[in-house]
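Mind looking over this structure? Questions follow.
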Amino acid sequence: MNKKIELIQGDITKIETDAIVNAANRSLLGGGGVDGAIHRAAGPGLLEECKALNGCETGEAKITKGYNLSAQFVIHTVGPVWHGGLNNEPELLASCYRNSLSLTMENNCKSIAFPNISTGVYRFPKEKAAKIAVHEVRKFLSENDLIERVVFVCFDEENLRLYDRILGETD
């Protein structure tokens with residue numbers, strides 16, 4: 001496993017990295033799952049800042065302060081809803097990771113934590129999503145050395161096992 005990549009099961013709002021990624025909806029105004037948890041943990045300042053961002057398109061990413069989180073920044077990215085893979089979903093998910101990592105570098109962050117983007121209510125197949133996530137992070141780290149630590153934070157045991165297996169494989 002790449003020494004810069006870590007894997008844990010837990011609550012992303014408790015992770016100590018410079019930035020955490022929010023699997024947001026297009027409004028950026030909070031929702032369920034990871035999105036709701038991050039908004040609740042960050043406090044009302046996050047919602048106020050998000051209101052000024054005018055939403056975010058699928059595959060794109062925007063950054064805010066972390067407020068009450070230990071992370072200095074929250075990178076909000078909108079993953080694709082799975083519709084069988086025929087609507088560019090894999091490329092849109094890959095774009096979430098690339099754009100989030102780019103914002104991490106642009107804001108001089110050395111560490112970032114990712115949730116399992118799009119695998120909850122957006123129904124992206126977990127194994128496909130994990131392969132895309134690992135591929136994009138490995139590729140980015142091979143081309144950029146500012147980021148020292150990437151943490152995949154899995155909420156459930158199933159994703160943890162998938163990521164563990166995929167991280168053990170070579171690209």
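The values are calculated or read from the model by the stated rules, or taken from the named source; none is laboratory data. The shown structure was predicted, so the numbers you read here are calculated from the model rather than taken from an experiment. Here Cβ is always computed from backbone atoms with ideal geometry, including for glycine, and neighbour counts include all displayed protein chains. The area values use the complete protein model at the heavy-atom level, side chains included, leaving out ligands, DNA and RNA. Shrake-Rupley method; radii C 1.70, N 1.55, O 1.52, S 1.80 Å.
Given the options Ile132, Ile38, Ile75, state which has the largest fluctuation in a GNM of the chain using a 10 Å cut-off (strictly under) for Cα springs.
Maximum among the listed residues: Ile132.
Per residue, how big is the convex hull around the C-alpha atoms of the range 82-125? Give it to me in cubic angstrom, could you?
Convex hull volume per residue, Cα atoms: 64 Å³.
Let me ask you something else. Among all the lysines, which ones have a C-alpha under 25 Å from Lys65's C-alpha, if same-chain residues fewer than 8 places away are not counted?
Cross-link targets: Lys4, Lys14, Lys51, Lys110.
Report, in order of residue number, the helices in the chain meeting two criteria: a C-alpha extent of 27 Å or more along the helix axis, and a mean Kyte-Doolittle hydropathy of at least 0.5; treat each whole DSSP H run as one helix.
What comes out of the filter, once short or polar helices are dropped, is none.
Going through the range 77-171, which GluC sites (Glu not before Pro) have at most 10 other Cβ atoms within 10 Å and a DSSP loop state?
Glu169
Please provide three numbers in whole Å: the alpha-carbon extents of the chain along the principal axes, with the largest listed first.
The principal-axis extents, from largest down, are 42, 35, 28 Å.
Oh, and also: At 1.4 Å probe size, with every protein chain present, just tell me what the per residue accessible area of the range 55-123 comes to in Å².
The answer is 41 Å² per residue.
Same structure, new question: Quick check: at a probe of 1.4 Å, how many percent of the accessible area of the chain sits on carbon and sulfur atoms?
50
Which shape class applies to the range 129-171: rounded if a/c is under 1.5, otherwise prolate when a/b exceeds b/c and oblate if not, where a ≥ b ≥ c are the square roots of the Cα gyration tensor eigenvalues?
prolate
How big is the dipole moment of the chain about its Cα centre under a simple scheme where the beta carbon of each Lys and Arg is +1, that of each Asp and Glu is -1, and everything else is neutral? Debye, nearest 20, please.
100
Spin-label point model (7 Å from Cα, Cβ direction): what's the Glu148 to Arg161 distance in nm?
My value for the distance between the label points is 3.5 nm.
I'd like the antiparallel share, as a percent to the nearest 5, of DSSP beta bridges with both residues in the chain.
Taking every DSSP beta bridge with both residues in the chain, the antiparallel ones total about 25 percent.
Here is a follow-up. Any idea what the dipole of the range 132-171 comes to, in debye rounded to 20, about its Cα centre with Lys/Arg Cβ at +1 and Asp/Glu Cβ at -1?
40
Can you divide the C-alpha Rg of the range 67-168 by 2.2 N^0.38 Å and report the result to two decimal places?
That ratio works out to 1.05.
Once R0 is set to 41 Å, what does the formula 1/(1 + (r/R0)^6) return for the Cβ-Cβ distance between His83 and Gln9, expressed as a FRET efficiency to the nearest 0.05?
Efficiency, from the Cβ-Cβ distance: 0.90.
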